[in-house]
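Q: My structure is below; once you've seen it, I'll send some questions.
The values are calculated or read from the model by the stated rules, or taken from the named source; none is laboratory data. Predicted, not measured: the structure shown is a model, and the values here were computed from it. Cβ coordinates were reconstructed from backbone atoms using ideal geometry, including for glycine residues, and neighbour counts include every protein chain displayed. When the accessible area is computed, the model is the full protein with side chains, heavy atoms only, and any ligands, DNA or RNA have been set aside. Shrake-Rupley method; radii C 1.70, N 1.55, O 1.52, S 1.80 Å.
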Amino acid sequence: MAFTTGSDKETAAPAARTPTAGSADAGFARDMSVHHQQAVEMSFIVRDRTKDADVRRLAYDIANTQANQRGMMTGWLNLWGLPVSDAERLPMQWMGMGQEPSTDGALMPGMATTAQLDTLRKLSGRKAEISYLQLMTAHHRGGIHMAEGCVQLCRTGAEKKLAQGMVAAQQSEVQLIADLLKERGASATSGSTAGS
């Protein structure tokens, strides 16, 4: 087994290099941490707004999984000596999509607006379940798109593996959410809610 010595550091594999602030690795870790935080917030809101066991179980799973993943990503940023937030870069800039965040609170694709979160907080029972499931469908679709971007662009093996796992898990949850919405006479788009 060969080890890298001081004289041959220049020949070390590129994957071993620490990501820079403008890298896809850092951008994904920062942006997905923000994206995940909103999913955790929505999941806690619905947990307190419904007694339905299936929706509460889904919300619990999403909150725990995404809080843990967020911790991993912020941990990597700290390990790399990079800031957890970066005012110099627009959200999604690392994917070539950098645009000014909207003024409605939705910082990235799939994120709920401030008004949508306020509405969710005021609902209860079946209406809260439907609203949460619809918001989470859009949220997961945005998250899947971002994770697929990391799979293509990130260079850190552990981060690429995490992103691949996110794609698979969130695609599976989107299908589960579609089934839960169907049981409630609704679909993924807010305009097609039956009897809400």
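Q: Ordering Thr74, Thr103, Thr18 by accessible area with a probe of 1.4 Å, largest first, what comes out?
A: Details: Thr74 25, Thr103 150, Thr18 85 Å².
Largest accessible area first, the residues go Thr103, Thr18, Thr74.
Q: So, one more: If you average the alpha carbon positions of the range 137-157 and of the range 39-96, how far apart do those two centres end up, in angstrom?
A: Comparing the Cα centres of the range 137-157 and the range 39-96, I get a distance of 13 Å.
Q: Let me ask you something else. How much accessible surface does Leu90 have with a 1.4 Å probe, in Å² rounded to 10?
A: Estimated to the nearest 10 Å², Leu90 gives 60 Å².
Q: To the nearest 10 Å², what's His145's accessible area with a 1.4 Å probe?
A: Number for this one is 80 Å².
Q: Moving on to the next point. Using Cα atoms only, what is the angle between the long axis of helix 53-79 and the major principal axis of the chain, expressed in degrees (0 to 90) to the nearest 10?
A: 20
Q: If you roll a 1.4 Å probe over the range 92-151 with all protein chains in place, what percent of the accessible area is carbon or sulfur? Could the numbers behind the result be given before it?
A: Details: 1380 of 2640 Å².
Here carbon and sulfur together make up 52 percent of the probe-accessible area.
Q: In whole angstrom, and with the biggest value first, how far do the Cα coordinates of the chain range along each principal axis?
A: For the chain, the Cα extents along the three principal axes come out at 71, 38, 24 Å.
Q: In terms of Cα to Cα distance under 16 Å, which aspartates and glutamates are near enough to Lys160, apart from those fewer than 8 places away along the same chain?
A: Filter leaves Asp25, Asp31, Glu148.
Q: Moving on to the next point. Between 0 and 90 degrees, rounded to the nearest ten: what's the tilt of helix 157-183 against the longest Cα principal axis of the chain?
A: The angle comes out at about 10 degrees.
Q: Then there's this: Among Val84, Leu176, Met166, which residue has its Cα positioned farthest towards the positive end of the charge dipole of the range 66-196, with +1 placed on the Cβ of Lys and Arg, -1 on the Cβ of Asp and Glu, and the dipole taken about the Cα centre?
A: Checking the options against the dipole of the range 66-196, the answer is Leu176.
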